[in-house]
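> For reference, the structure I am asking about is given below.
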Amino acid sequence: MLELVQAHAARGAIVVLGNHDAAALGRMVPGLNSQALAAIAWTRTRLTKRELAFLEALPTTVREDDRLFVHASAAVPERWTYVTGVRQATLSMEAANAAMVFCGHVHEQRLYFMGTGQFATPFRPVPGTPIPITRQRRWLAVVGSAGQPRDRNTAACYALADLARERITFFRVPYDFEAAAQKVRRAGLPERLARRLERGV
């Protein structure tokens with residue numbers, strides 16, 4: 001998987017550091033449970049020097065024009081705060097000082113917007129339905145997770161932003177989560193990690 005990300009980065013894709021990436025590098029990451037720590041320890045033994053160097057060079061945020069890309073909240077990216085509601089979304093959007101913020105970390109798709117009010121408004125996107133993202137508002141898109149969705153839907157998540165047409169579309173894509181869960185088991189990783197893939201939680 002990391003090889004695929006590296007290939008996209010080599011072609012100009014924006015890539016930011018995530019909390020598990022940071023932990024694999026040996027950095028302090030609060031809030032990781034025992035299953036996550038086991039997976040990180042397993043990962044650390046398999047990363048090549050080239051892969052470690054790639055992760056080490058990743059920034060926690062990338063700004064491109066009036067857009068900000070960040071793994072968790074933009075308020076303090078190194079704290080890996082989840083954007084799970086209006087308060088966190090508002091703080092992230094204010095800190096980002098951008099028209100559009102793209103983040104993940106939560107593993108569930110959400111869209112927040114701010115107009116003239118003081119707080120962000122949440123919106124649950126419908127997969128495959130384009131949503132207008134007009135410049136009169138500021139936006140924060142939680143794009144979901146390609147690997148571990150946690151909304152009881154096993155399908156992978158992603159979003160496409162068409163900035164020229166000012167719209168964003170969220171997608172769900174079925175994948176062979178049963179084969180992925182079996183790989184987790186064969187690797188000797190905690191059973192709970194395999195079950196999460198099978199249950200989407």
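> Which condition from (1) β-branched (Val, Ile, Thr); (2) crowded, with 16+ Cβ neighbours inside 10 Å; (3) out of contact with any Gly (no Cβ under 9 Å at 6 or more places or on another chain) is the one that Thr48 breaks?
Result: Thr48 passes all but (2).
> Considering only residues that are assigned to a helix (DSSP H, G or I) and over 24 Å from Cys103 (Cα atoms), look in region 159-179 and name the one that is most open to solvent (accessible area, probe 1.4 Å).
The extreme case among them is Glu178.
> Any residue in region 105-120 that's of a type outside the set (Phe, Trp, Tyr): show its pairings with residues that are buried (at least 20 other Cβ atoms within 10 Å of the Cβ) and at pLDDT below 90 at Cβ separation under 7 Å, as long as the two are six or more apart or on different chains.
Close Cβ pairs satisfying both conditions: His107/Pro149.
> Quick check on region 56-72. Is at least one of its residues buried (at least 17 other Cβ atoms within 10 Å of the Cβ) and of a type in the set (Lys, Arg)?
Yes: one or more hits.
> How many residues are in contact (Cβ under 8 Å) with a residue 12 or more places away in the chain, among the hydrophobic types (A, V, I, L, M, F, W, C) and part of a helix (DSSP H, G or I) if we restrict to region 44-64?
3
> Can you name every residue in region 121-137 that is within 19 Å of the chain's Cα centre (by Cα), touching a residue at least 24 places away in the same chain (Cβ under 8 Å) and open to solvent by 50 Å² or more (accessible area, probe 1.4 Å)?
Pro122, Val126, Pro127
> Then there's this: Do you know which residues across region 92-114 are open to solvent by 30 Å² or more (accessible area, probe 1.4 Å) and at pLDDT below 95?
Residues satisfying the conditions are Asn97, His107, Glu108.
Residues checked against (1) touching a His at 6+ places or on another chain (Cβ under 8 Å); (2) at pLDDT below 95:
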residue	(1), (2)
Glu56	no, no
Arg63	no, no
Val70	no, no
Ala120	no, no
Arg135	no, yes
Gly144	yes, yes
Ala161	no, no
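> Inside region 23-43, can you point out the residues that are touching a residue at least 40 places away in the same chain (Cβ under 8 Å), under 18 Å from Gln148 (Cα atoms) and surrounded by 14 or more Cβ atoms within 10 Å (Cβ to Cβ)?
Gln35, Ala38, Ala39, Trp42
The values are calculated or read from the model by the stated rules, or taken from the named source; none is laboratory data. None of these values were measured; they are calculated from a predicted model. Here the Cβ is made from the backbone with ideal geometry for all residues, glycine too, and neighbour counts use every protein chain on show. In case anyone asks, the SASA skips ligands and DNA or RNA and just uses the protein heavy atoms, side chains included. Shrake-Rupley method; radii C 1.70, N 1.55, O 1.52, S 1.80 Å.
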